[in-house]
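Accompanying notes for the structure given below.
The values are calculated or read from the model by the stated rules, or taken from the named source; none is laboratory data. All values reported here derive from a predicted model rather than from experimental measurement. Positions of Cβ are backbone-derived with ideal geometry, glycine not excepted, and every protein chain shown enters the neighbour counts.
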Amino acid sequence: MPLLLSLAALSSLPASVAVPRYPFDGLAVGIVHLGIGAFHRAHQAVYTDDALAQGGGPWGICGVSLRSPDVRDRMRPQDCLYTVVEKSRAGIACRVIGSVREVLFRGDELETILARIAASATRILSLTITEKGYCHDPATGEPNLGHADIAHDLAYPDDPVSAVGLIVLALSRRRMAGGGPLTILCCDNLPQNGRLVEKLVLAFARERDPALAAWIAPNVTFPSTMVDRIVPATTAGDLSEARLALGVLDSAPVVCEPFRQWVIAGRFAAGRPAWERAGAQFVADVAPFEAMKLRLLNASHSMLAYLGFLAGYETIWQVAAQPAFVTLMRGLMEEATPTLTLPADVDLAAYKAALVERFGNPALPHRTQQIAMDGSQKLPQRLLATIHDNLAAGRPIEHAALAVAAWMRYVSGIDESGREIAVADPLAAEFARVAAAHRGDPAALARGLLGLATIFGTDLPSDRRFVDPVSKWLAALFADGAARTVARAVRPA
């Protein structure tokens, strides 16, 4: 049995591996994090690790896995330590993160999780549960009280299956226990994510107990954030690479790019780590930064994922190695640029150039199909918001329309070789129904998918300035394939 990464093993790791530089004895848990997947461990937990090293404080993290015990079962035996492996063209750099001090699984440790959140020692409840985890209407940002998970939690409030239901139950326990003020910090890719989560939590609380909602309003704050770091899913090769670098077995490493960014706006009700000393930016308004990221990085990522997958590329860096696809990406970013209003010190040209470089990092094999997941939850923020703004101003939407058509071609469920596409999306069954009804008729398929109001609302499907280019590009993708369609889209007129 190989030696496992642990607190005892830290002193024996190679000098090339960075390790935590703060004492673990007495490090109290002050943050509970819902959704302890790869992104949190490569982003917020790293910022917290740096903040502990520079400023100390009772800011250990209790990570909560909501859907699977896998992360808990990997991290617990190694004292909740894990390795962050940064990969770039220059090579790899490894560091062990110690800010996570406990990992729990909702499936069999719900009461422990609720007690943690209710405890006065917990000052922050943070989240990375993906866009679909909020059970809201992506087109409007409004609570969806009819969502199956929300309906279940309203009927059975002591056995929640949704994150919102769990949060409200925990806040009820905190109120009754006198746990005091709390900050809920959303770190998912959603516009004004703090305001959104506040709206969802209060709407659910009012349905359950108006007195609880009245307590939440003055006692719980909901800052907004923008997070950025490319973090692919960990592979078996990554596990082997981490073991070789450390000399011990790490069952829970995460792989990421060197770049990271965290922008935060809003009040913390009960203190916070010194994240600014770790490089986080505290600003008056996060909206300009999140719009820049969603409409440039995330929109480009999604477009390249759909078109790249259809063209036969497994990873984003392979797509970003194709000049025509990069030209298309630049065109999409140029369309989005007039919709952005940024602080004067933001170098937008440098940001765009960095995105091309980041996507082209061959050391980071981010799978196109991973990025293509859950498009129904992502399109409104990443592409449709830009389209709305540009149509209102009479500006072109040609590249964004192609990106929407690429999503439609992807969710039709059959690739260019006739093989089935494993579409991972909360609305996958609805996509399959629409596709089956309109197989062989791209225009009808476009109309059918545009009829999904939870994605497209009611205005875009009736606007010929949007419907016509989307239908045109969808027909081209079926007739000519993704590669030829991209070449046509970037060919000078």
Query raised in the report: Among the residues of segment 29-53, which ones are touching a residue at least 60 places away in the same chain (Cβ under 8 Å), of a type in the set (Gly, Ala, Ser) and farther than 30 Å from Val161 by Cβ?
Result: Ala51
Query raised in the report: Across segment 111-148, which residue is nearest to Gly178 (Cα to Cα) among those that are of a type in the set (S, T, N, Q) and in a loop (DSSP other than H, G, I, E, B)?
Result: Ser120
Query - Subset of segment 310-323 (residues that are surrounded by fewer than 18 Cβ atoms within 10 Å (Cβ to Cβ), in contact (Cβ under 8 Å) with a residue 12 or more places away in the chain and within 18 Å of Gly481 (Cα to Cα)) - result: Gly312, Glu314
Query raised in the report: How about segment 415-450: which of its residues are surrounded by fewer than 14 Cβ atoms within 10 Å (Cβ to Cβ) and of a type outside the set (Gly, Ala, Ser)?
Result: Arg419, Glu420, Arg433, Arg439, Asp441
Query raised in the report: Among Leu294, Leu212, Leu202, which is assigned to a helix (DSSP H, G or I) and without any contact (Cβ under 8 Å) to a residue 40 or more places away in the chain?
Result: Leu202
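With the requirement that a residue be assigned to a helix (DSSP H, G or I), in contact with a helix residue (DSSP H, G or I) (Cβ under 9 Å, 6 or more places away or on another chain) and without any contact (Cβ under 8 Å) to a residue 60 or more places away in the chain, what does segment 270-291 give you?
Result: Glu276, single match.
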**Report entry** Out of Ala291, Ala252, sole residue that is of a type outside the set (Val, Ile, Thr), in the same structural domain as Leu196 (by TED's automatic domain parsing) and crowded, with 17+ Cβ neighbours inside 10 Å
**Finding:** Ala252
Query raised in the report: From the set of residues in segment 111-137 that are surrounded by 22 or more Cβ atoms within 10 Å (Cβ to Cβ) and in contact with a Ser or Thr (Cβ under 6 Å, 6 or more places away or on another chain), which is nearest to Gly63 (Cα to Cα)?
Result: Ile124
Requested in this report: Just give me the residues in segment 400-432 being closer than 14 Å to Leu450 by Cβ and outside any helix (DSSP H, G or I), in sequence order.
Outcome: Ser412, Leu427
**Report entry** Conditions (1) surrounded by fewer than 18 Cβ atoms within 10 Å (Cβ to Cβ); (2) part of a helix (DSSP H, G or I); (3) in contact (Cβ under 8 Å) with a residue 60 or more places away in the chain: number failed by Asp108
**Finding:** (3)
Query - Residue tally, condition buried (at least 16 other Cβ atoms within 10 Å of the Cβ) and either polar (S, T, N, Q) or outside the structural domain of Ser302 (by TED's automatic domain parsing) (or both), over segment 338-353 - result: 1
Query raised in the report: Scanning for something closer than 17 Å to Leu127 by Cα, touching a residue at least 12 places away in the same chain (Cβ under 8 Å) and in a loop (DSSP other than H, G, I, E, B), does segment 54-66 turn up at least one residue?
Result: yes
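Going by the structure shown, is Ser412 buried (at least 20 other Cβ atoms within 10 Å of the Cβ), closer than 21 Å to Lys378 by Cβ and either polar (S, T, N, Q) or not assigned by TED's automatic domain parsing to the domain that holds Ser302 (or both)?
yes
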Requested in this report: Taking only segment 353-392 into account, find how many residues are hydroxyl-bearing (Ser, Thr, Tyr) and within 18 Å of the chain's Cα centre (by Cα).
Outcome: 2
Requested in this report: Would you be able to tell me the number of residues in segment 359-400 that are among the basic types (Lys, Arg) and in contact with a Phe, Trp or Tyr (Cβ under 6 Å, 6 or more places away or on another chain)?
Outcome: 0
Query - segment 161-199, residues that are buried (at least 24 other Cβ atoms within 10 Å of the Cβ) and free of Cβ contacts under 8 Å to residues at least 24 places away in the same chain - result: none
Requested in this report: Taking Val71 as the residue in question, decide whether it is farther than 23 Å from Arg260 by Cβ, in contact (Cβ under 8 Å) with a residue 12 or more places away in the chain and either of a type in the set (A, V, I, L, M) or in contact with a Phe, Trp or Tyr (Cβ under 6 Å, 6 or more places away or on another chain) (or both).
Outcome: no
Report task. Please specify each residue of segment 236-246 satisfying the condition of being of a type outside the set (A, V, I, L, M) and either within 13 Å of the chain's Cα centre (by Cα) or surrounded by fewer than 13 Cβ atoms within 10 Å (Cβ to Cβ) (or both). Result -> Gly237, Ser240
